[in-house]
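Remarks on the structure that follows.
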Amino acid sequence: MNEQKKMEKPIEEQLTDILLVLDKEKMKIVAVKGVDKDGKLKTVPADKKNQNQFMRVDKHGDVFSNFFANFFSQLKNPTHFSFFKVPASEAIDTAKEIQKNVDTPTKEGEAFLTKLEVKEPVAHNQENQKNMETTQTTPEANEYRFKPEQIDWETMNNLGLSKEKLEKMNLLEPLLKGYKTNELVPISLNLGTAITRMDARLSLQSSEDGKVVMAIHGIRKEPQLNFPFFGHEFSKEDKDNLLKTGNMGRAVNLTNLKTGEQIPSIISVDRLTNELVALRTDKINIPDEIKGVKLNEEQKQTLLEGKPLYIEGMISKKGTAFDATVQFNADKRFVEFLFDRSNTNKQTQGSQQTQSQEAPKTFRDKELDNEQYQKFKDGQTVYVSGLVDKKGKEYNGYITFNKETNKTDFSFQNPNKIKEQVKPTEAHKIQTAVNSEGKTNEATKNIKEPLLSGQTNPDNKKQQEQQEAPEAPEATAKSKGRKM
């Protein structure tokens, strides 16, 4: 009979939910109508008279999560309210029941409210952001946590990172949204008497005095597993898991060093920097479905506890079935596929940490600018001017990073035959061959000075006389140069 009544209800009511809200100051349950342009919550009494004004939302898990996160971010004072998601067909009766439990609290009523309540969609609370600096907030896609004017650009310039450069590298927007950069960024620090260059991930953080500071997540040789991490001592199994998969594989209590609060969390390794990263378990968001396989409550609980989960019968983008182990990663903030890879510390360093060695920032002592470097490490051909040979003379050429051999290929001519504004000439070949490779050019073989850029013949009277002078036999015998 109940099923028949359910089927008789409008399709809209069967597919949508209603947001009820508890104003913590008034302790009154009402229905959400919307949010005004000033970020103030618009509500109406949760009765039949106002039923047509109730905000209706899609009850599908992922769709609702995205909607509520965006809705929550628009509110001016979101912490003043508690929200509850209820089926549209039961909204009025449920509102009365919630109000009853608010007026007369009981343990059963508290459990009832907890089941319906929609939690705040943020990755960390403010205290955790301040005291567990290895964690990273995951804001909503359209939410900006910081403003460009809050950044100390003078300090950024000292790191070799101006606003224009960050924009050009497509890094400024993710930083303003509160993300770590998803790749290593070359930075340099000039202290006047000392200069250091390094690759690091960057993120913006709020200091205790409210200032916005740039956090530099430098590359570490290996994760620091022999020291306590917010009060947690790593067991041998913890260490093995972190070195093998990058995830510890279980949830543990971490201590807020400022308040002493015990916070259930999972721990992972940032595979770009080998930095340890923690995430509160109550901020983990597990999807209802992974690659076509609907997760049951037991499987979701396994992932919530940071454990690996083997799933069979998933469907790839190409439509083929596959099986794999998945696990929630605290650094990436999502469920990742482990497959059969072995992410040992050595491999992590080989594939990520040595990025700057595989694609060097400098070539023959000539440092590439950020634009050149981005193209170079992507395998594109880059024109480089101002190279200096072994005798101190300048020349130009093209370089390409060969990803198969991890070596840099050099050519005087553009291998892609791209027209450049300035091209190295045949003269540069002669200069480099004579000055750096010990070869001999017939037209300049008796000249004692190093050839200048583009020089193929004597360029003054003195050099002309040297070239025309008869060559001594012993000089000929000693010469090891090869004719060009």
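Derivation of every value follows stated rules applied to the coordinates shown; laboratory data play no part. Predicted model only: the values in this text are computed from it and were never measured.
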So which of LYS180/LYS377; LYS28/LYS107; LYS291/LYS403 end up more than 28 Å apart by C-alpha?
-> LYS291/LYS403
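Do the alpha carbons of any pairs in LYS85/LYS211; LYS37/LYS177; LYS236/LYS258; LYS283/LYS307; LYS211/LYS258; LYS119/LYS177 sit beyond 25 Å of each other, and which pairs? Kindly include the intermediate steps, with their values, before the conclusion.
Working: LYS85/LYS211 37 Å; LYS37/LYS177 21 Å; LYS236/LYS258 28 Å; LYS283/LYS307 16 Å; LYS211/LYS258 19 Å; LYS119/LYS177 21 Å.
Distance filter (> 25 Å) returns LYS85/LYS211; LYS236/LYS258.
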